[in-house]
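*Asks:* This is the structure I have questions about; it appears just below.
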């Protein structure tokens with residue numbers, strides 16, 4: 001899992017049936033000093049996150065299936081929590 | 001899931017049986033604005049009838065194989081959506 005910021009939403013009318021009716025958000029991983037910033041990725045929202053929220057993102061298929069309560073399918077990136085705070089150095 | 005742009009088609013007459021009837025496309029990973037990233041192009045199974053030049057999103061890894069009807073196949077990248085648009089809101093770091 002990684003920490004990220006919700007920076008947008010993605011609209012896609014045509015998508016795999018497994019993704020039907022899922023809210024797709026654009027999440028940008030929090031920058032790590034001295035490392036290149038990875039591009040923003042698309043995550044399925046399971047916690048009703050909004051733009052600007054700091055979130056916890058899981059990037060693994062089995063986690064995604066569990067959280068979305070679906071059989072395994074072509075989804076692996078899911079927002080699984082809204083972060084209130086983190087304590088300590090990242 | 002990551003963004004990519006369709007840059008070509010891969011034609012294989014002989015291929016894994018589970019891929020029969022599926023197209024393989026060549027995609028260049030991009031950022032959310034559609035600008036290419038340094039990542040190398042990938043061959044991906046197409047599930048959404050994407051066209052050359054189109055901005056799409058794809059899933060990588062084991063989950064890609066589950067996009068097909070027969071999940072017992074060796075796909076490690078699958079195009080699962082066509083991007084209509086991305087609404088990106090600048091968010092100030094807190």
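*Asks:* Among the strands (runs of 3 or more DSSP E) contained in the stretch B:25-94, which hold 3 or more residues that are over 15 Å from residue A:39 (Cα atoms), facing chain A (nearest Cβ under 9 Å) and at pLDDT 95 or above?
*Replies:* Here the list reads B:77-82.
*Asks:* Quick test of your reading of the structure: residue B:75 fulfils all but one of (1) closer than 25 Å to residue A:63 by Cβ; (2) surrounded by fewer than 16 Cβ atoms within 10 Å (Cβ to Cβ). Name the failing condition by number.
*Replies:* Only one criterion in (1) closer than 25 Å to residue A:63 by Cβ; (2) surrounded by fewer than 16 Cβ atoms within 10 Å (Cβ to Cβ) is unmet by residue B:75, namely (2).
*Asks:* Quick one: residue A:68 ticks every box in (1) surrounded by fewer than 15 Cβ atoms within 10 Å (Cβ to Cβ); (2) closer than 24 Å to residue A:15 by Cα; (3) more than 11 Å from the chain's Cα centre (by Cα); (4) more than 11 Å from every other protein chain (Cβ to nearest Cβ) except a single one, so which number is it?
*Replies:* So the condition that residue A:68 fails would be (1).
The values are calculated or read from the model by the stated rules, or taken from the named source; none is laboratory data. Keep in mind it's a predicted model, so treat the numbers as computed, not measured. Cβ: placed from backbone, ideal geometry, glycine included. Neighbour counts: every protein chain shown.
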